[in-house]
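Here's the structure, in structure tokens; my notes come after.
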Amino acid sequence: MENKQKYAAPALSKGLKILEFMSMIKEPISLQALADGLQIKTSQIYRMVYVLELNGYLQKLSQTDRYMMTPKVFVLGNQFRSNFTLIELVMPILNEISQEVNQSCHLAIQTDTNTSVIAQAQWSSPLGFYTKIGFTKPIHTTNSGILILSYLDASLRDKILKFHNAYSEAMIKKLKQIAHKRYSILRSAYVGGVIDLSVPVFSSATNKILGAITVPYINILDNEYTLKSTLKYLLHNPKTKSLYL
């Protein structure tokens, strides 16, 4: 109990309690009524309510000075559910790729202006390299991210590149070429000797990019799959050459 108290964050705890309480309220509620419902003083939650409003979780109705939840929490929940479903669908494919080409592979998605690995499969061998789940880097610095960028709407693509000070005509030309080829191959910017091979994953409902499957290829001497044949497998395997989920 002492250790739990040591790392407690009272402000965060109050914020979560506010959201939990608000989720059970059907009508907009005043600050005083919210404080009464939580059985704490108004002065103890005023700043937290302000921060939640500032970040888009609560909305203050100007006519009545009452507060209501916005759909943001719902959107976050749906996004988590969507990613979880995507992982369930893609894991059998990742496992099949990994065991066939004797390399690890992973699925990365766009997270704001970054890419994050949300699923991975490892080859059943003591030799190999893999990228951990949760690995997050600026989108333009990973092969998965470059591939995802190539399929984004131009306005969003350009906005992300400008955010990272990575926008250039040469970059746009490169992304268009990648989208046309439907794959990307690039030396890892983070690990020497690794060459990333990436193919896209699309939504069957919207035809938009969902993420990228990437094989971080390393040269294992007794592996029958070379870099070239691994890429060929990804491009000609019916499950990965045009993957819609």
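The values are calculated or read from the model by the stated rules, or taken from the named source; none is laboratory data. Since we're looking at a predicted model, the values are computed, not measured. Methodologically, a virtual Cβ is constructed for each residue, glycine included, from the backbone with ideal geometry; neighbour enumeration extends over all protein chains shown.
When you scan the stretch 172-188, do you find a residue that is farther than 30 Å from residue 238 by Cβ and surrounded by 15 or more Cβ atoms within 10 Å (Cβ to Cβ), even just one? Full working, then the answer.
The first filter runs over the stretch 172-188 and keeps only residues farther than 30 Å from residue 238 by Cβ, leaving 172-173.
Those still in the list that are surrounded by 15 or more Cβ atoms within 10 Å (Cβ to Cβ) too: 172.
Yes, because at least one residue in the stretch 172-188 is farther than 30 Å from residue 238 by Cβ and surrounded by 15 or more Cβ atoms within 10 Å (Cβ to Cβ).
Of the residues 23, 104, which is surrounded by 14 or more Cβ atoms within 10 Å (Cβ to Cβ) and within 28 Å of residue 134 (Cβ to Cβ)?
On the way: 23 fails: surrounded by 14 or more Cβ atoms within 10 Å (Cβ to Cβ).
Answer to the selection: 104.
Going by the structure shown, is residue 32 exposed (fewer than 15 other Cβ atoms within 10 Å of the Cβ), over 24 Å from residue 194 (Cα atoms) and modelled with pLDDT of 90 or more?
Working: exposed (fewer than 15 other Cβ atoms within 10 Å of the Cβ): yes; over 24 Å from residue 194 (Cα atoms): yes; modelled with pLDDT of 90 or more: yes.
Taking the combined requirement at face value, the residue satisfies it.
Hey, among 58, 16, 38, which residue is of a type outside the set (S, T, N, Q), at pLDDT below 90 and within 30 Å of residue 211 (Cβ to Cβ)? Walk me through it before giving the result.
Values: 58 fails: within 30 Å of residue 211 (Cβ to Cβ); 38 fails: within 30 Å of residue 211 (Cβ to Cβ).
When all the criteria are applied, what remains is 16.
Are there any helices (runs of 4 or more DSSP H) wholly within the stretch 142-225 with 3 or more residues that are within 27 Å of residue 125 (Cβ to Cβ) and modelled with pLDDT under 95, and if so which? Quick ask: steps written out before the conclusion?
Values: elements: 143-151, 154-163, 169-181.
So the answer is none; nothing clears 3.
Report, ordered by the first and then the second residue, all pairs with beta carbons closer than 6 Å, sequence separation of six or more or different chains, a first member in the stretch 84-102 that is closer than 14 Å to residue 202 by Cα, and a second member that is assigned to a helix (DSSP H, G or I).
Every condition considered, no pair remains.
May I ask you to list the residues in the stretch 218-232 that are closer than 10 Å to residue 102 by Cβ and of a type outside the set (A, V, I, L, M)?
Within the stretch 218-232, 222, 223, 224, 225, 230 meet the criteria.
Residues of the stretch 90-141 being in contact with a Gly (Cβ under 6 Å, 6 or more places away or on another chain) and in a helix (DSSP H, G or I), which ones?
Scanning the stretch 90-141 gives a single hit, 139.
Is it true that some residue in the stretch 136-155 is aliphatic (A, V, I, L, M), under 17 Å from residue 239 (Cβ atoms) and over 17 Å from the mean Cα position of the chain (by Cα)?
Scanning the stretch 136-155 turns up no residue that is aliphatic (A, V, I, L, M), under 17 Å from residue 239 (Cβ atoms) and over 17 Å from the mean Cα position of the chain (by Cα).
When the residues of the stretch 119-157 are narrowed to those that are out of contact with any His (no Cβ under 9 Å at 6 or more places or on another chain) and of a type in the set (A, V, I, L, M), which ends up nearest to residue 181 (Cα to Cα)?
Checking each candidate, the answer is 147.
Residues being outside any strand (DSSP E or B) and either surrounded by fewer than 16 Cβ atoms within 10 Å (Cβ to Cβ) or touching a residue at least 60 places away in the same chain (Cβ under 8 Å) (or both): count how many of those fall in the stretch 39-61. Before you say what the answer is, go through the steps one by one.
Within the stretch 39-61, the first condition is being outside any strand (DSSP E or B), and the residues that meet it are 39-57.
From the residues that got through so far, the ones that are either surrounded by fewer than 16 Cβ atoms within 10 Å (Cβ to Cβ) or touching a residue at least 60 places away in the same chain (Cβ under 8 Å) (or both) too are 39-44, 46-47, 50-51, 53-56.
Count: 14.
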